[in-house]
Amino acid sequence: MSFNNPLDTLYRQVIMDHYKNPRNRGVLEDENVEINMNNPTCGDRVHLTMKVEDGKIVDAKFEGEGCSISMSSASMMTQAIKGKTIEEALALSQIFSDMMQGKEYDDSVDLGDIEALQGVSKFPARIKCATLVWKAMEKGLHSQE
Ligand code: FES
């Protein structure tokens, strides 16, 4: 990917920071939701564990192998959903999906570092990398409903 303007450079730094210093990497020992998901286009995988209590995501961790986009997205996603209700996390996932498809998205929600992935929408081949962990989260949370 090429990043040419200062905002792209900033976003790139945020992505690389999450890739090199992933937040919430590992496996929860007291999880009650566990999902494995592969990106069929490259074979990379993510393993997501979450602890959901009273409709709220109390904790989340991920591990896996993948490119900088998929792993930084996992780091950002786990950071963002902790403390959120299932509904809030699924709503955030919808916003992320809209953002990846280059659609208008609800910008009333503070996306924090997630915004750094915005540019991925211009690279269709990488969208599946960015959405891999979000799809895993959605699948896991739907199993709780
Ligand atoms: Fe495999 Fe990105 S290249 S997840």
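Read-outs throughout are calculated quantities, based only on the coordinates presented, and are distinct from any laboratory measurement. This one's a predicted model, so the numbers in the text were calculated from it and none came from an experiment. Positions of Cβ are generated from backbone atoms using ideal geometry, with glycine treated the same way; all protein chains shown enter the neighbour counts.
Table for the structure above
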quantity	calculated
Which numbered condition residue 105 fails, given (1) closer than 16 Å to residue 39 by Cα; (2) free of Cβ contacts under 8 Å to residues at least 60 places away in the same chain; (3) aromatic (Phe, Trp, Tyr)	(1)
Qualifying residue in the stretch 102-124 (condition: among the β-branched types (Val, Ile, Thr), within 16 Å of the ligand (Cβ to nearest atom), farther than 15 Å from residue 22 by Cβ and under 14 Å from the mean Cα position of the chain (by Cα))	yes
Which numbered condition residue 145 fails, given (1) loosely packed, with under 12 Cβ neighbours inside 10 Å; (2) under 22 Å from residue 42 (Cβ atoms); (3) touching a residue at least 40 places away in the same chain (Cβ under 8 Å)	(2)
Flag for residue 93 being under 21 Å from residue 11 (Cβ atoms), within 16 Å of the ligand (Cβ to nearest atom), polar (S, T, N, Q) and in a helix (DSSP H, G or I)	no
